[in-house]
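The values are calculated or read from the model by the stated rules, or taken from the named source; none is laboratory data. In this text, all values refer to a predicted model and were calculated from it rather than measured experimentally. We place every Cβ from the backbone using ideal geometry, glycine too, and count neighbours over all the protein chains shown. In case anyone asks, the SASA skips ligands and DNA or RNA and just uses the protein heavy atoms, side chains included. Shrake-Rupley method; radii C 1.70, N 1.55, O 1.52, S 1.80 Å.
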Amino acid sequence: MSSDMNANELKSGWHEAKPARIPRPTYWPATMAFAITLQFWSLITSSIIGGIGTALFIVSLVGWINEIRHERREA
C-alpha cells in the first residue's frame with residue numbers, strides 16, 4: 001500500500017467487507033464425538049455401552065441440527 005493512499009479508501013470496484021458472523025459456542029460436536037467413542041468402545045465391552053452411545057448420538061445429532069436451525073433463523 002502506498003503511503004499517499006489512505007487506509008480507509010477503497011480501490012475502484014471494491015466493497016467494504018461484510019462482518020463475519022461467528023456461530024455461538026456449542027457442546028454438541030464434542031458430545032457427538034463422545035457418543036461415537038462409546039459406540040466403538042462397545043465393540044470390546046458390552047452392548048449396554050453401545051446403547052448408551054447410540055442414544056447419546058441421537059440426542060447430540062438432534063441438538064446440533066436444532067442449533068443450526070436456530071442460527072439460520074437469526075440470520
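Only residues that are among the small types (G, A, S), modelled with pLDDT under 80 and under 25 Å from E67 (Cβ atoms): list them for region 1-50, please.
A20
Cβ-Cβ under 9 Å, sequence separation 6+ or interchain: first residue in region 37-63 and touching a residue at least 12 places away in the same chain (Cβ under 8 Å), partner open to solvent by 60 Å² or more (accessible area, probe 1.4 Å) and in a loop (DSSP other than H, G, I, E, B). Which pairs?
These pairs meet every condition: G50/L43; S60/Y27; G63/Y27.
Identify all residues within region 40-54 that are open to solvent by 70 Å² or more (accessible area, probe 1.4 Å), in a helix (DSSP H, G or I) and not hydroxyl-bearing (S, T, Y); write none if there are none.
Those that are open to solvent by 70 Å² or more (accessible area, probe 1.4 Å), in a helix (DSSP H, G or I) and not hydroxyl-bearing (S, T, Y): F40, W41, I48, I52.
How many residues does region 65-75 hold that are under 17 Å from I22 (Cβ atoms) and either under 12 Å from the mean Cα position of the chain (by Cα) or surrounded by 11 or more Cβ atoms within 10 Å (Cβ to Cβ) (or both)?
Going residue by residue through region 65-75, those that are under 17 Å from I22 (Cβ atoms) are 67-68, 70-75.
Checking the rest, the ones that are also either under 12 Å from the mean Cα position of the chain (by Cα) or surrounded by 11 or more Cβ atoms within 10 Å (Cβ to Cβ) (or both) come to 67-68, 70-71.
Total meeting the criteria: 4.
Of all residues being over 14 Å from A35 (Cβ atoms), in a helix (DSSP H, G or I) and of a type in the set (A, V, I, L, M, F, W, C) in region 61-75, which is modelled with the lowest pLDDT? Just the residue, please.
At the first step, the residues of region 61-75 found to be over 14 Å from A35 (Cβ atoms) are 65-75.
Remaining after also requiring in a helix (DSSP H, G or I): 65-74.
The next check asks that each one be of a type in the set (A, V, I, L, M, F, W, C); those that pass are 65, 68.
Numbers: I65: 94, I68: 89.
Looking at residues that are over 14 Å from A35 (Cβ atoms), in a helix (DSSP H, G or I) and of a type in the set (A, V, I, L, M, F, W, C), I get I68.
Which residue is nearest to the chain's Cα centre (by Cα), if the candidates are limited to region 19-39 and must be hydroxyl-bearing (S, T, Y) and open to solvent by less than 100 Å² (accessible area, probe 1.4 Å)?
First, pick out the residues of region 19-39 that are hydroxyl-bearing (S, T, Y): 26-27, 31, 37.
Now restrict to residues that are open to solvent by less than 100 Å² (accessible area, probe 1.4 Å): 26, 31, 37.
Numbers: T26: 7, T31: 12, T37: 19 Å.
Step by step, filter region 19-39, then rank; the result is T26.
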